[in-house]
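These notes concern the structure reproduced below.
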Amino acid sequence: MTGQQLLVEGVTKRFGGVVANDNISLSVPEGSIVGLIGPNGSGKTTLFNSIVGYHPIDQGSIRFEGREISGLRVTEIARMGMLRTFQQTRVYAKMTCVENMQISVPRKGEGFGAMFSKSHPKIMEKAENLLAFVGLYAKRNLLAGDLSFGQQKLLEFAMALMNEPKLLLLDEPTAGINPTLINGLIERLKRSNADLGITLFIIEHNMPVIMDLAEHIYCLAHGQLLAEGPADEIRDDQRVIDAYLGAN
Amino acid sequence: MNSAERNATIYGAILIASLAAPWVLPAYQTQLAFLWIMVLFALTWDLVGGQMGYTSFGNIVFFGIGMYVTAVIQRNLHFDIKEYVHVAGAVDTLQPGEYLSGLFLGMGASAIVAVIIGAVLGLCILAMGMRGQYFGICTLGLGVAAGEIASGWDYIGAGSGMVAPVFPERLGERGAFFYYIFFILTVILFLTLKWLYAGRFGLAINAIRDDEDKAEAMGIRTTRYKMTAWCISALFLAVAGGAAGHLVGFIDPTEVAFAGATFGVWMILMAILGGKGTLWGPVVGAVIFYITQEVFWTYLFGWQRVAMGALIVGIVVFFPQGIMGWMRERWPERFGHRVEESTLSSSAEGGGP
């Protein structure tokens, strides 16, 4: 199983009597863009939460770069280089965009003394470059909470890049963003994958977007893995179409 | 003219006024000393409650701990405990050297004890992930419990409290002496916080305030930051408490040391009035609040608590964001929150925050 950056095997997560994830197995190869689709309530975000350590899983194993991470906490997993963005965008609302960026630096191996350090000029430079990359440079000194929803999404994406993750889990990156901006975002996602070498694992409802982005797609329905395969195959898969149209 | 010069002028004016105050208003030295304690209260509370967003009702615990630790060390250093309890007259026989050594040793020990207790309490409530209202209620319980424990512990005088030694006359004026102690302590605290807020620490605790889940998801060691902020707050409160016990002279367990209903609530209100989560807000809030409180006490005697209650309601209802917070909403550009259409020409364009 070399080359698989993230390996999920037989993961089950129950909430009381509800089985949100039922024996899910999937893998994300290093450097790839993988998609995760499925109707509302099919367990996509639950699976993300399980992977990043937000809640314990009931069964199964999750490996990141060969290391079992299913028992680790969110912060530890984040510091290993696996980061997630939130469906309900989360930025630090009462801080400026630049501050949001400055605080998003990688935290790996940070000692006690690092708490009291100043922001390095290089951090500022990188923060401004990334804000320019997502088109928020002019608004860098505004409070993040004063940005529109779409802009907050872009800021959250820039913050994730600031953290230099190896694997980025994006929960509906284009939801709430206007169509013109979506094209720009797709292009930026592709560039972060190609230029910065960040593996992307994306939940998305917008089919054209995910078909354009992902090489390989997994489809969940009712907590189970319904189908998987290359984007073209998934698009024509009758089971996937049925699931979305409610025939299932 | 430029902002650096303007800041230097403001700081200089405050410094000169502060140094001269006890001699300009000699009748009010004790009140002025308490003014600095109030500023210190508001600043230490704001570190945890404002900048980090952990509304604590129990910070007063550390103030009381400092008071008792200092008084106990002062007593044990110079007196036989039995003699101390039975002969009140023995209390005023301290030489200046003895008084000072006991006081400063006590304040130092207070700092250590408070940080240790703060770390233990922090492990119990912060490291366990207690947040929001639960954290607030838990800390409220701490304050009440501390007062009860002190009231029932004979070693520290139980319900009848402790008496600090009489201030040696040869050291000059008591009010002025303590005024400068609190002034220096508050200045150190202010500069420490200014330095902390300007760096990574300030950003991290602001991030915890705005969205702790997000901060964790980004890999920030939130527990470490929360514990550190809590312990810094505890340290300064305890050192101030040590000196405050000697200023007041009589340490009552619930009315002076663990005075949750007065100091404990005031520190929150002062920070809110001035604008929580800002560096200057607590300072401004403390000065306005304390002067108002003294005025009420002087001119509305008999009704001062009613007037105080009305003021508290007024602050919370009409001024939730505080003076500095209101100014920031009113004139965001003054605080640097503006759109800057310049393009990122080169990496040379660094620019401050």
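The values are calculated or read from the model by the stated rules, or taken from the named source; none is laboratory data. In this text the structure is predicted, and so the values were computed from the model without any measurement. A quick note on method: Cβ atoms are made from the backbone with ideal geometry, for glycine too, and the neighbour counts reach across all protein chains shown. Heads up: the accessible areas ignore ligands, DNA and RNA and are worked out on the full protein's heavy atoms, side chains in. Shrake-Rupley method; radii C 1.70, N 1.55, O 1.52, S 1.80 Å.
Annotations
- Spin-label pair residue B:8-residue B:24: with each label point 7 Å from Cα along the Cα-Cβ axis, the two points sit 2.2 nm from one another.
- Residues of region B:212-228 that bury at least 30 Å² of accessible area when the other protein chains are present, relative to the chain alone (probe 1.4 Å, heavy atoms, ligands and nucleic acids excluded): B:213, B:214, B:216, B:217, B:218, B:219, B:220, B:221, B:224, B:225, B:228.
- Between residue A:191 and residue B:160, the distance separating the two model label sites (each 7 Å from Cα on the Cα→Cβ line) works out to 7.9 nm.
- Given R0 = 41 Å, the distance between the Cβ atoms of residue A:87 and residue B:188 translates into a calculated FRET efficiency of 0.35.
- Packing here is the average count of other Cβ atoms within 10 Å per residue, and on that basis the peptides A:127-139, B:200-212, highest first, run B:200-212, A:127-139.
- Per-residue ³J(HN,Hα) for region A:117-124, Karplus 6.51 cos²θ - 1.76 cosθ + 1.60, θ = phi - 60°, Hz, x for Gly and Pro: 7, 8, 5, 6, x, 5, 5, 4
- Think of a 1.4 Å ball rolled over the protein heavy atoms: region B:25-257 then has 37 Å² of accessible area per residue.
- Here r is the Cβ-Cβ distance between residue A:235 and residue A:58 and R0 is 35 Å; the resulting FRET efficiency, rounded to 0.05, is 0.60.
- Residues residue A:23 and residue A:205, FRET efficiency given R0 of 25 Å [Cβ-Cβ distance, rounded to 0.05]: 0.55
- On association of chains A and B, roughly 3900 Å² of accessible area becomes buried (total for both chains; probe 1.4 Å).
- Top positive-direction residue, dipole computed over chain B with Cβ charges, set B:165, B:196, B:316: B:196
- Rg/Rh, computed from the Cα trace of chain A with Rh as the Kirkwood radius, has the value 0.97.
- Residues of region A:4-245: accessible area per residue with a 1.4 Å probe, Å²: 39 Å²
- Computed over region B:141-226, the alpha-carbon pair-distance distribution with 10 angstrom bins reads 14, 20, 23, 26, 15, 2, each value a whole percent.
- On chain B, 68 percent of the accessible area sits on carbon and sulfur atoms, based on a 1.4 Å probe.
- Here the protein assembly as shown carries DSSP beta bridges of which approximately 60% are antiparallel, counting only pairs with both residues inside.
- Axial C-alpha extent at least 24 Å, average Kyte-Doolittle at least 1.6 - helices from chain B (DSSP): B:96-125
- Solvent-accessible area assigned to carbon and sulfur over region A:4-245 amounts to 50 percent, based on a 1.4 Å probe.
- Bridging of residue A:44 to lysines at a Cα separation below 16 Å is possible for A:13, once same-chain residues fewer than 8 apart are set aside.
- Label-to-label distance, nm, for residues given as residue B:145 and residue B:101 (7 Å Cα→Cβ offset): 3.7 nm
- Given +1 at the Cβ of Lys and Arg, -1 at the Cβ of Asp and Glu and no other charges, the dipole of the protein assembly as shown around its Cα centre is 740 debye to the nearest 20.
- By the Kirkwood approach, averaging reciprocal distances over each pair of separate Cα atoms, region B:172-320 gets a hydrodynamic radius of 17.5 Å.
- Where Cα atoms sit under 24 Å apart: lysine pairs in chain B separated by 8 or more or lying on different chains: 5
- Rg/Rh (Cα only; Kirkwood hydrodynamic radius) as it applies to the protein assembly as shown: 1.07
- Farthest toward the positive end of the dipole of the protein assembly as shown, out of A:53, A:231, B:39, is the Cα of B:39, where the dipole comes from beta carbon charges about the Cα centre.
- Legend: P(r) of region B:176-216 from all alpha carbon pair distances, 5 Å bins from 0, whole percents, reading 7, 22, 16, 15, 12, 11, 9, 5, 3, 1.
- Excluding same-chain neighbours fewer than eight residues apart, the lysines reachable from residue A:139 by a Cα-Cα span under 18 Å are A:94, A:126, A:153.
- Rounded to the nearest 10 square angstrom, residue B:278 shows an accessible area of 20 square angstrom against a 1.4 Å probe.
- Within region A:145-198, the proportion of Cα pairs with more than 14 Å between them is 53 percent.
- Solvent-accessible surface, computed for protein heavy atoms with a probe of 1.4 Å, shrinks by 30 Å² or more for the following residues of region A:105-137 when the other protein chains are added to the isolated chain: A:107, A:110, A:112, A:115, A:116, A:117, A:118, A:124, A:125, A:128, A:137.
- Candidates A:93, A:147, A:106 compared by Cα position along the dipole of region A:82-193: farthest toward the positive end lies A:106, with charges placed on Cβ.
- Segment residue B:318..residue B:133, full-extension length gain: 64.4 nm, with 0.36 nm per residue of separation and the alpha-carbon distance subtracted.
- Computed over region B:25-257, the P(r) curve from all C-alpha pair distances, binned at 10 Å from the origin, holds 8, 32, 32, 19, 8, 2, 0 percent per bin.
- Between B:226, B:214, B:276, the residue with the greatest mean-square fluctuation in the GNM of chain B (Cα pairs under 10 Å linked by springs) is B:214.
- Shielding score for B:200-209, defined as the mean number of other chain Cβ atoms within 10 Å: 6
- Based on the reciprocal of the average 1/r between different C-alpha atoms, the Kirkwood radius for region A:156-248 equals 14.3 Å.
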